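The structure under discussion appears below in the form of structure tokens.
The values are calculated or read from the model by the stated rules, or taken from the named source; none is laboratory data. Values in this document were obtained by computation on a predicted structure and should not be read as measured data. Cβ: placed from backbone, ideal geometry, glycine included. Neighbour counts: every protein chain shown. The area values use the complete protein model at the heavy-atom level, side chains included, leaving out ligands, DNA and RNA. Shrake-Rupley method; radii C 1.70, N 1.55, O 1.52, S 1.80 Å.
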Amino acid sequence: MKIIMLGAPGAGKGTQAKMIAEKYGIAHVSTGDIFRMNIKEGTALGKEAKTYMDQGLLVPDELTVRILLDRVAREDCANGYVLDGFPRTIPQAQVLDQALAEMDDAIDYAINVDVPDENIIGRMTGRRACVTCGATYHIVHIPPKQEGICDACGKELVLRDDDREETVSKRLSVYHEQTQLLIDFYTAKGILRTIDGTEKMQDVFTNIVTILGE
Ligand code: AP5
Ligand code: MG
Ligand code: ZN
């Protein structure tokens, strides 16, 4: 099974992608997490990506596509994967499509997690993330068992550098300008499914399972 998560920054793509990956035994691939891991480790890729991410801009397609194709070629993706944060532009979607077509393969579903802009800022400023394992929490809605510590791996939780209010606004406008077009792209392919992302985390997941099957 191969799935794409679409949605604005903070819509809950990462939260749901993690649950999907666990339930269906597929890999969770987040380009944002890959970039953040590289920033943490101080790699050349991380340094380049950071200059864009801190401004709320997209990392250039060429670089992002290379990282993604590399990642999905790894063994843990053999059984399928859920892409979280990729594609984000039409060229990225086209490269992915073509790479899959060459292997006689295709994406099964693009799930659009729909959350209005006015809900986004509160979600982002309350978010705490684990840079080690990618788990995401919210100080009010989805708190960790112990404040500041990841339930999953025990490491420290951080507020992301790009979750400052002015950067979030920029990310939202970049989403509307460059990424929202993908909704039409996948609608035309007949694989887009939209769900209400303002419901409780578990209810959102139940709706996704209804689409993907038990
Ligand atoms: P990325 O890491 O992908 O960030 P994003 O798309 O902005 O999305 P977020 O991770 O902020 O939100 P999310 O939808 O995953 O929400 P979450 O589950 O955490 O990308 C970061 C940057 O990297 C980009 O800006 C860009 O620069 C670069 N980049 C990455 N991919 C790229 C690409 N393909 N091309 C170019 N550049 C790329 O949830 C948010 C919060 O809400 C959390 O606190 C969570 O606990 C809470 N929450 C979740 N669900 C619910 C719910 N149902 N009710 C209440 N709270 C909830
Ligand atoms: Mg995310
Ligand atoms: Zn963790």
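Here are a few things to note about the model shown:
- Neighbour cut-off at most 13 other Cβ (10 Å), DSSP loop, GluC sites (Glu not before Pro), the range 52-159: Glu102, Glu147
- Projected area, mean over directions - the range 88-203, Cα convex hull, nm²: 8.9 nm²
- Remark: spin-label model distance Lys40-Asp70 equals 1.8 nm, labels positioned 7 Å along the Cα→Cβ axis.
- Accessible surface of Thr51, taken over heavy atoms with a 1.4 Å probe and every protein chain present, rounds to 80 Å².
- Cα-based values for the range 135-174, radius of gyration first and Dmax second, are 12.4, 35 Å.
- Annotation for the range 1-65 versus the range 113-167: alpha-carbon center distance of 14 Å.
- Across the range 1-135, C-alpha contacts under 8 Å between residues 6 or more apart give a mean separation that, scaled by the residue count, equals a relative contact order of 45 percent.
- Top of Val72, Val131, Val140 by mean-square fluctuation, Gaussian network on the chain, Cα under 10 Å: Val140
- Calculated mean residue ellipticity, 222 nm, the chain: -13500 deg cm²/dmol, from DSSP H runs (n ≥ 4) at -39500 (n - 2.57) each, averaged per residue and rounded to 500.
- Apolar share of the accessible surface for the chain: 50 percent from carbon plus sulfur atoms, 1.4 Å probe.
- Entry for the range 55-141 at q = 0.16, 0.17 Å⁻¹: log10 I(q)/I(0) = -0.87, -0.96, Debye formula applied to identical alpha-carbon scatterers, no solvent contribution.
- Label zone at Tyr24 (point 7 Å along Cα-to-Cβ), backbone N below 11 Å, the range 183-214: 208-214
- Sites matching trypsin sites (Lys or Arg not before Pro) across the range 1-103 that sit in DSSP coil, with at most 11 neighbouring C-beta atoms within 10 Å: Arg74
- Kirkwood-type hydrodynamic radius, the chain: 17.5 Å, calculated from all non-identical alpha-carbon pairs.
- Among Asp54, Asp163, Asp104: highest mean-square fluctuation, GNM of the chain, C-alpha pairs under 10 Å: Asp104
- Taking all protein chains as they are arranged and a probe of 1.4 Å, the heavy atoms of Val59 leave approximately 10 Å² accessible to solvent.
- The range 101-145 pair-distance distribution - Cα-Cα, 5 Å bins, rounded %: 5, 16, 15, 17, 14, 12, 9, 7, 4, 0
- Normalising by residue count, the range 4-64 has a Cα convex hull of 101 Å³ per residue.
- One decimal place: the segment Lys47-Asp97 gains 15.1 nm when fully extended, by the rule 0.36 nm per residue minus the C-alpha distance.
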